Each structure stands twice: as structure tokens, then as C-alpha cells.
Amino acid sequence: MVLGHVSLPTGPSNFKEMRDFYVAVLKPIGYGVYMEKDGNFCGMGPKRGSPDFWLHCGGEDFTRVDATASPDENLKSRGRSHVAFNAASRRQVDEWYRAAVKAGGIPNGEPGERDYVKGYYAAYVLDPLGNNIEMVHWSPWWLTAINAAPTYGSVVVGAVLGYFAQQYFSG
């Protein structure tokens, strides 16, 4: 089963700041605002797709992250959510991390390969409310092969059909 979307609560007074943060942070992976209403909710998603990341102001206001505290202290005192986005490449992870820190994200893990599983390349920041946001590019050899197979198969089939078409129409 594929996850449809995720929605993070911001509290009314933090909504605009959180919206602006995520608009800047998700731009490097091609996300934009899909729909929003009166500062109550905002749905974001890729240009060619549906909104899969939402913010909503419901609930009470939340304590902001303490920029002077360590990421561990912020996570312990807040216990917020962890949301991971898929990147198309390691380079996109690096670009996202720089954009996230520039937008005010608190570094919580510089870009690099993690020891969770071979090929897992990720970076982490805390958003203004202390949610742990991750950007990951994972490309195990078998997934790379599966993704490339249709391309290579199309090339072979196209070459064979092209050869026979040339033989048929040339003479």
C-alpha cells in the first residue's frame, strides 16, 4: 500500500512561518503549493502529481524549536514527527540540505551515506517546530537495474523494429 499524504499540524500562530519554510525547503525537489485556504491549510506536491504533503493550523500553538539548543535536546523536548522525502539523486539531497539550512532549518545530520542499508544517502534538518525532516536518495543495485530495464528493453526492441522496417520499406 502506498501512502497518500502526510499532514503536519502547525498551530494557528506558526502556520505562515511553517508554510514559508516548507515552500523554500521543498522547492529543490520540484514541489510547489497545490492549494491553500485562508491560512488554515496548505497542500504541496510535485508539479506532475497530487499534493502529498500538507500543513494545517488545527489544534493549539506549539513550542518553537530552540535555535541555541542541540538537535538532540530539541527532539527530546518536543518529540515531534519525522517525515522523509525521496530525492532523485545524491546531488538533490545536497541541494535540499543547503536550501533547508538557508531557510532556517536546524542541521540534524549532514548529507552522507548512512549505515542503515548500503546506498542510503540522506540529510536531516529540524523545522521551526522541531519536526525531523529527511531527504533521502536510496539506489540499491537491484532497483537501479529494474528502473533501467524498460529503457534498455525499448532500445533493443526499437533497433530490431527499425531494422525490419528499413528492410521492408527499402526494397
Scope the range 94-106; condition of a type in the set (A, V, I, L, M, F, W, C) and in contact with a helix residue (DSSP H, G or I) (Cβ under 9 Å, 6 or more places away or on another chain); matching residues:
Trp96, Ala99, Ala100, Ala103, Ile106
Tally the residues that are at pLDDT 90 or above and farther than 15 Å from Phe85 by Cα, restricting the search to the range 22-40.
4
Across the range 50-108, which residue is modelled with the lowest pLDDT among those that are among the acidic types (Asp, Glu) and surrounded by 17 or more Cβ atoms within 10 Å (Cβ to Cβ)?
Asp52
All but one of (1) within 21 Å of Tyr97 (Cα to Cα); (2) among the aliphatic types (A, V, I, L, M); (3) in a loop (DSSP other than H, G, I, E, B) hold for Leu3; state the number of the condition that does not hold.
(1)
From the option list Leu129, Leu143, single residue qualifying as among the aliphatic types (A, V, I, L, M) and at pLDDT below 80 is Leu143
Which condition does Ala24 not pass, out of (1) in contact with a helix residue (DSSP H, G or I) (Cβ under 9 Å, 6 or more places away or on another chain); (2) buried (at least 17 other Cβ atoms within 10 Å of the Cβ), if it passes all the others?
(2)
For the range 8-18, name all the residues that are surrounded by 19 or more Cβ atoms within 10 Å (Cβ to Cβ) and closer than 12 Å to Met44 by Cβ.
Met18
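The values are calculated or read from the model by the stated rules, or taken from the named source; none is laboratory data. Since the model is a prediction, treat every value here as computed from it, not as a measurement. No Cβ is skipped: glycine too gets one built from the backbone with ideal geometry, and neighbour counts run over all protein chains shown.
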